[in-house]
Amino acid sequence: MPRYKYQKRHSDPDALYASAAVSKFVNKIMERGKKTAARKIVYGAFDIIKEKVKKDPLSVFEGVIENVAPTVEVRSKRVGGATYQVPVQVKQDRGESLAIRWLINAARSKKGKPMKDKLADELIAAYNREGSAFKKKEDVHRMAEANRAFAHFAW
C-alpha cells in the first residue's frame, strides 16, 4: 500500500481568458521556459480564429478539445506469453491532455508558416472535425474498436 497519496496539481486560470485549459495549453506550447513567447503564439492563434471563424475563440477552443479528446484508447496487457492491445476508457483529464498534445504535434509538424498560423489552422480544422489531430483521435478509436474482443482483459 502506498504511503503517499498523489496530489493532483491544478494550474492557475489564464489571465486573458480566465480558463485553466488555455493555461494548460500555453504551458504545453512553451519551450525552454519561454512562457511569454508561448502566450504570444496562443493569443495570436486565437486572434486569427476570431477573424476567420467569427466566433469567440474560447468557445472554439473548448469545442476543439471536445472534438479531439478520445473516449477510449488501447493499452498493452501481457497475459501468459502473449501481449494484447486492450481497449480502456479514457478519463477526462487524460483525454484533454492527449487532445492538447495531438494538436500541438500536428501544428509543429507543418512547415513554412509561423507557429501561430499553423496552430490556428490546426484548431480551425479540428473544430470542423478535420485535420491531423482529429484523424489521430479517429485512428485511436478505430484501434480500440478492432481490439474490442480483448476488452475482457481490462483491469
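Here, each number is a calculation from the coordinates, and none is a lab measurement. Just so you know, these numbers come straight off a predicted model, no measurement behind them. Note that we place each Cβ from the backbone using ideal geometry, even for glycine, and neighbour counts take in every protein chain shown.
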Inter-label distance, nm, simple model (7 Å from Cα along the C-beta direction), GLN7/THR36: 3.1 nm
For TYR17, residues with placed amide H under 5 Å, excluding near neighbours: none
Listed residues ALA15, ILE48, VAL79: farthest to the positive end of the dipole of the chain (Cβ charges): VAL79
Point-to-point label distance, GLU66-LYS52, nm (Cα→Cβ direction, 7 Å offset): 2.1 nm
Rounded Å value of the spacing that divides the Cα centres of the range 6-84 and the range 112-128: 14 Å
Cβ-based net charge around GLU138, under 11 Å, with every Lys or Arg adding one and every Asp or Glu removing one: +2
Fluctuation leader among PRO70, PRO57, PRO13 - the chain, Gaussian network, Cα springs under 10 angstrom: PRO13
Relative contact order (percent, whole number), the range 1-137, Cα cutoff 8 Å, 6+ residue spacing: 22 percent
Sequence-distant aspartates and glutamates (8 or more away, or on other chains) whose Cα lies within less than 16 Å of LYS35: ASP12, ASP14
Charge dipole of the chain about the Cα centre (unit charges at C-beta), most positive-ward option of ASN105, ALA149, GLN92: ASN105
Taking the convex hull of Cα positions in the chain, its mean projected area over all directions (nm²): 12.0 nm²
Highest-MSF residue in the chain out of GLY80, GLY63, GLY112 [GNM, Cα springs under 10 Å]: GLY80
Debye-sum result for the range 1-80 in log10 I(q)/I(0), which assumes one identical scatterer on each alpha carbon, at q = 0.22 Å⁻¹: -1.10
Cα centre as origin, Lys/Arg/Asp/Glu Cβ charges: the chain dipole, Debye: 640 debye
